[in-house]
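Notes to accompany the following structure.
The values are calculated or read from the model by the stated rules, or taken from the named source; none is laboratory data. No experiment lies behind these values; they were computed from the predicted model shown. Here the Cβ positions follow ideal geometry from the backbone for every residue, glycine too, while neighbour counts run over all protein chains shown. Areas reflect the complete protein model, heavy atoms only, side chains present, ligands, DNA and RNA absent. Shrake-Rupley method; radii C 1.70, N 1.55, O 1.52, S 1.80 Å.
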4 protein chains.
Amino acid sequence: MSATVDAKTAVATDRRPGTGQRIRVGIVGATGYVGSELVRILARHPDVEIVGLTARGRSDEAVGATHPHLATTGLTIDAAAPDDVDALFLALPHGTAAGIVPDIAAAGTTIIDLGPDFRLRNPADYPRWYGFDHPVPELLDDAVYGLPELHRAELEALRTAPRAIVGSPGCYPTTTLLALAPLARAGLIGDLVVDAKSGVSGAGRDPKPDMMFGEVNESVRAYGVGGHRHVAEIEQELAWLGASAAVDNPGAAGVDFLPHLIPMTRGILAACHVRPTRPIDQAELDALYADAYDAEPFVTVVSTPPATKHVTGSNHVRVHVSADPRTGRVLAIGVLDNLVKGAAGQAVQAFNVVFGLPEASGLEQLPLAP
Amino acid sequence: MSATVDAKTAVATDRRPGTGQRIRVGIVGATGYVGSELVRILARHPDVEIVGLTARGRSDEAVGATHPHLATTGLTIDAAAPDDVDALFLALPHGTAAGIVPDIAAAGTTIIDLGPDFRLRNPADYPRWYGFDHPVPELLDDAVYGLPELHRAELEALRTAPRAIVGSPGCYPTTTLLALAPLARAGLIGDLVVDAKSGVSGAGRDPKPDMMFGEVNESVRAYGVGGHRHVAEIEQELAWLGASAAVDNPGAAGVDFLPHLIPMTRGILAACHVRPTRPIDQAELDALYADAYDAEPFVTVVSTPPATKHVTGSNHVRVHVSADPRTGRVLAIGVLDNLVKGAAGQAVQAFNVVFGLPEASGLEQLPLAP
Amino acid sequence: MSATVDAKTAVATDRRPGTGQRIRVGIVGATGYVGSELVRILARHPDVEIVGLTARGRSDEAVGATHPHLATTGLTIDAAAPDDVDALFLALPHGTAAGIVPDIAAAGTTIIDLGPDFRLRNPADYPRWYGFDHPVPELLDDAVYGLPELHRAELEALRTAPRAIVGSPGCYPTTTLLALAPLARAGLIGDLVVDAKSGVSGAGRDPKPDMMFGEVNESVRAYGVGGHRHVAEIEQELAWLGASAAVDNPGAAGVDFLPHLIPMTRGILAACHVRPTRPIDQAELDALYADAYDAEPFVTVVSTPPATKHVTGSNHVRVHVSADPRTGRVLAIGVLDNLVKGAAGQAVQAFNVVFGLPEASGLEQLPLAP
Amino acid sequence: MSATVDAKTAVATDRRPGTGQRIRVGIVGATGYVGSELVRILARHPDVEIVGLTARGRSDEAVGATHPHLATTGLTIDAAAPDDVDALFLALPHGTAAGIVPDIAAAGTTIIDLGPDFRLRNPADYPRWYGFDHPVPELLDDAVYGLPELHRAELEALRTAPRAIVGSPGCYPTTTLLALAPLARAGLIGDLVVDAKSGVSGAGRDPKPDMMFGEVNESVRAYGVGGHRHVAEIEQELAWLGASAAVDNPGAAGVDFLPHLIPMTRGILAACHVRPTRPIDQAELDALYADAYDAEPFVTVVSTPPATKHVTGSNHVRVHVSADPRTGRVLAIGVLDNLVKGAAGQAVQAFNVVFGLPEASGLEQLPLAP
């Protein structure tokens, strides 16, 4: 792709592929659940060619050995990342991508990082929330928080930027922010409790005692009490949207975010309990949310509380908002599939925007229910 | 039992059974999940004899036909309620018990009603939350809200009262109130969001489209948005405990309570997000909760967030409380088995108190995990 | 489509669509799980236009009211079947399609019937297994059993036939037959036990007490003891393939088929325990199965026992076969998604063959795991 | 207990406890699922005192740290086994108990071994099925296979034996043997396929990748193809019962046993497909099974296929048997809770028999459903 060749000399003209051209991509960290979702989606993406899958210590191993459901793709996993790609998707533990991205991005390869290393603007957030000092803090301002519904213009601008780094959002922040964005932009969030419920796939694929079927099934528990890492993203973006009062007011220095693990594999639901800054009725809420989402391809506002099953396996989001006349509060609920819109699907959506493709390309699959 | 004979002439001396005597009980509404739990517990209760199980339209039908797991009890279900019993457990749709209780209670039979008909003190709550006018509002003051941890003395007083009616609490209120009682009594609840998660057995056994396995499994959704009926009990008891500010303050006229249905059969978790009326640290919280629960046979305070699986099949409750220095909030979590401590077990616990038995009699079973 | 116009006068030349033409289809019985799967697949089928969805008593009702996950399709459900379609997919209770198909098929509309009414060749099987006399037994010889892996040539012949009726196979027969076909064709099945396990979606969407989450979860049970209806199809096709000995031998007059309901929503596994008619080793088995399936787009032979999760949401099948030197038996296992390859996906696959489309058109979606 | 003191000098008179005496027991291997079930049951056993729980590397650790549901027992786990106990329950990996049992048993302590080390009579079975040479083959004849329904007299004889070693059966063999014993004793099993389904708790508590919730949920798969270890027990006992033809006949040298892992935590169902040695009708089957089980406290014969949920959390077994006139076969189904009657409960049942206690002592708990 000539555009990319130029990009590699840091004189990118345009990442948009020529007619009939496929964008060459690699996936680093292909053995986890996010990695397998990237393969599932990108293997069927009409404008993409998967050039390489990589994971530490693998050598020409059939993808089906790790992900039996993907055996028919015929792909293999190798230790070395492909070097001749237009875009790299990184699904790595936190702190890992930050070390390898600078060189790769400087060479013109577009980076879609699904870890947290390029999500936060404030370098101080890394030692605070993730326990490491960011090695290239100067890149954080360049990187774009890859939530297209909030940062579409910035993602589009990457199409012709010399360096393109996308920090793809976490699953909880995506759910929470899409549920709250219209309220946040309107300055209506006065006090905020976010109570979230997630399936176990968000915890990854490594065997852990408390992720065994016998422990998870027929049980629910809260975790991350006192501050889940995703709070950093939620607060950053809420403040950016205009809800800084909710984030920083003296009595409530920080969002009250509590996640729960529930006995299912996929899906997140965030229930956002908002005390609005002023009285607001249902009609005004409906108008706010319609304005925000009517043109969005993946967000649907629904009048009854949605179930996660309504979006399983798809990049779709359902958002519900209601005013409660009894309590004066506003309830905003978002649901999505944590591995698709909460991870791999959203990464592909941002990738599509950066490369000038139709935003839904490769993501048209309808939800799978029941 | 001579005591009961006296009771039937409204001159009760004492409901406590004589040595070697078994209390004769009946269960009305034996075909639902709560009914089967009553059978399961009472059939093994050392001080009880089950005299009759009743359900509309059944005639001498083996209990195993409806509840195969109870087949070995050899009990049968009939249409007519036994008339010679010391106590009746009622597991009936709301509005039904209110019509039959007055006569039965007047005849001296102790009533343990597991529906809502005798839980609420204010007659106006019935049309508001349940859509019917209470037929005997004069009995509401006599009835005792059967949460022994909060109303033990009143339950004990029923032992020698001429008329004994217990309104056994709902599953969500039990969980929420036990999580919050120490804070409420100390006047510390300034603002309150209760976000609860329940297994499906709380919805009963009648076939409903959205309770089918295919709909519930791999999904979570909120329901009761805008006011679940259990709010009435929660607000009544919180106000009684001393948290009226949280319930009635101008900006927050009512508790923000949101339940969710999650893909499991048994268990409730209530996450109570509290903005305290004054700053409070962990040490003070620990002391408050230790004071409240150290002597309670069924409530254990735990330092890590509990899972519902820790109490499945038992009358146990686990409560966790933590101060969040970042947000200034307090998080209180309660978990229990909705069919045991949230229904049948709690009813038996209150029954034990009313009859002067050891409070844990018949309820010693340890939780079943995994 | 000119071909179809000709077909309607019973002078079909060719059902294959012209370049750029979309085949107009209707779905009758759109409110069940099979109906929703047909919508999910056909709405994304590149060569199809869904002209109408119908269900009794519905009138211009958004599909999302019944199937929230399909809300974004914008389709509506009506009572009347569309009359100007090239093909009708029928997802109806047994005995219903038989009454309406003759006229529709005579008018040239291709019928893909997902019920049993056109699966069985022997009219006597209908009163025996389904309790009704087939009203148009003369059509049974024309109808094609729509398992493309076994009857591809007959399906292809329908492309230019004046009348095209496909009896799309049941979920258990599909799984069993694909697991056994190579052995059956080779005359190797001497004695046969088929022990199958299915998720609950195969039982449909109507609320039934024993399909409630609380009953299904954490439980497994056999059902259909003494003869599940799908035995009829299994025996018919095994005999046709060449395993009549297994079906009709004096000591074993009929296949021993036992299904189980297990606590999951989608997926079927059939474990076929075969005593072969002569000793056979693994190498010969491998060769037999490779011959049968290497060119099949949807069937993959695997060397380790497959899990249903490997094919969820896709039209894929995994087949495993192994010789057991200890017992002298052969074990053949098949897994598939009962709503896709076991119902809607297979119907679309057969439809593709009948209309001369690429067989995998609209069915390329990869399995969804975890 | 004087009896035990005598036993320690190998001159046991009687293990039956004196009035008011509690039998002192220890549990070795207390951190797994079987260990926790032993605690759950024995902590409530009226005739038992738990003297010690042990696990490698633990020192005075509260049992609740490993098994939160047992926190209220107040027990602790230590590394060293208690030396002054009447009975030791061993829940250890195969090959471990064989090394420590000889000394302990010689000292008069009754051994209830829940692993396989003392289940098999033939020393050659250990290298064949478990990969180790049994270090004390001479003890195998003394040890009793602890299935009270089959070996009650031998267990009773241990009450006064100088050395008492019980090899407590595996979960699959218990289910299979109880389903088949009446047929086996009557010499009616001509050909046999056992197709079993189990929840995951049978695989233990160690974290394994394929036991993670995300892998198990919504999936079913066969495993142990070609010979699960439990075949050894099944064949041994079937031969002992009189079904040696099924086990050893030339055409079928060995039982065809296939287990499956299904998405639930507890429960086993074994479907036993029998071709009888002669025609048999339902009435004769009913009589055979009634004779065998009418007096058994834990086995109930049921006329409809049972679900595992009917016995969860209890020591109960449900057995169903039916003749299939169509195929001439007999289907026998057994269900039980793999951790109770399939492990800890059965061990306690055998222990009760050995110590002359009521056989159901400590095991009266009814099943927990839904």
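Brief remarks on what is shown
- When D:H273 is tested against (1) facing another protein chain (nearest Cβ under 8 Å); (2) touching a residue at least 12 places away in the same chain (Cβ under 8 Å); (3) surrounded by fewer than 17 Cβ atoms within 10 Å (Cβ to Cβ), just one condition goes unmet, and that condition is (3).
- Only one entry in A:G242, A:G224 is more than 8 Å from chain B (Cβ to nearest Cβ), surrounded by fewer than 18 Cβ atoms within 10 Å (Cβ to Cβ), within 21 Å of B:D195 (Cα to Cα) and touching a strand residue (DSSP E or B) at 6+ places or on another chain (Cβ under 9 Å), namely A:G224.
- Filter pass, A:V11 being under 20 Å from A:R163 (Cβ atoms), at pLDDT below 95 and assigned to a loop (DSSP other than H, G, I, E, B): yes
- Conditions (1) touching a helix residue (DSSP H, G or I) at 6+ places or on another chain (Cβ under 9 Å); (2) within 12 Å of A:I165 (Cα to Cα); (3) acidic (D, E); number of the one not met by A:D103: (1)
- Of all residues making up segment D:96-125, the number that are over 17 Å from the mean Cα position of the chain (by Cα) and either surrounded by fewer than 24 Cβ atoms within 10 Å (Cβ to Cβ) or not in a loop (DSSP other than H, G, I, E, B) (or both): 16
- If you go through segment D:199-210 and pick out every residue that is open to solvent by 20 Å² or more (accessible area, probe 1.4 Å) and within 14 Å of chain C (Cβ to nearest Cβ), you end up with 3.
- Residues being among the small types (G, A, S) and in contact (Cβ under 8 Å) with a residue 40 or more places away in the chain - total across segment D:91-106: 3
- Identity of the residue in segment B:311-331, within 19 Å of the chain's Cα centre (by Cα) and among the aliphatic types (A, V, I, L, M), that ends up farthest from the other protein chains (Cβ to nearest Cβ): B:V319
- All positions within segment C:332-342 that are closer than 20 Å to C:G32 by Cβ and either open to solvent by 10 Å² or more (accessible area, probe 1.4 Å) or within 13 Å of chain D (Cβ to nearest Cβ) (or both): C:L336, C:D337, C:N338, C:L339
- Filtered by the rule that a residue be touching a residue at least 40 places away in the same chain (Cβ under 8 Å), surrounded by 16 or more Cβ atoms within 10 Å (Cβ to Cβ), within 12 Å of chain A (Cβ to nearest Cβ) and in contact with a Ser or Thr (Cβ under 7 Å, 6 or more places away or on another chain), segment C:39-65 gives a lone residue, C:H45.
- Filter result (of a type in the set (V, I, T) and part of a strand (DSSP E or B)) within segment D:254-279: D:I268, D:V274
- Exactly one residue out of C:A196, C:A184 is closer than 16 Å to C:I234 by Cβ, over 18 Å from the mean Cα position of the chain (by Cα), in contact (Cβ under 8 Å) with a residue 40 or more places away in the chain and surrounded by 21 or more Cβ atoms within 10 Å (Cβ to Cβ): that is C:A184.
- Residue selected from segment C:280-310 under the condition part of a loop (DSSP other than H, G, I, E, B) and within 10 Å of chain D (Cβ to nearest Cβ), by the criterion most open to solvent (accessible area, probe 1.4 Å): C:T304
- Residues located in segment C:253-269, provided they are more than 7 Å from chain D (Cβ to nearest Cβ) and touching a Lys or Arg at 6+ places or on another chain (Cβ under 8 Å): C:P259, C:L261, C:I268
- Residue ID - nearest to the other protein chains (Cβ to nearest Cβ), chosen from residues in segment C:66-80 that are open to solvent by 50 Å² or more (accessible area, probe 1.4 Å) and of a type in the set (A, V, I, L, M): C:A79
- Residue match in segment B:345-365 (condition: open to solvent by less than 40 Å² (accessible area, probe 1.4 Å), at the interface with chain A (Cβ under 10 Å from one of its Cβ atoms) and not in a helix (DSSP H, G or I)): no
- Residue in segment C:135-148 that is among the β-branched types (V, I, T), over 30 Å from C:G328 (Cα atoms) and crowded, with 24+ Cβ neighbours inside 10 Å present: yes
- Within segment D:106-139, the residues that satisfy the criterion of being basic (K, R) and either in contact with a Cys (Cβ under 9 Å, 6 or more places away or on another chain) or more than 12 Å from D:G170 (Cβ to Cβ) (or both) are D:R121, D:R128.
- Inspection of segment A:79-90 identifies no residue that is over 19 Å from the mean Cα position of the chain (by Cα), in a helix (DSSP H, G or I) and touching a residue at least 60 places away in the same chain (Cβ under 8 Å).
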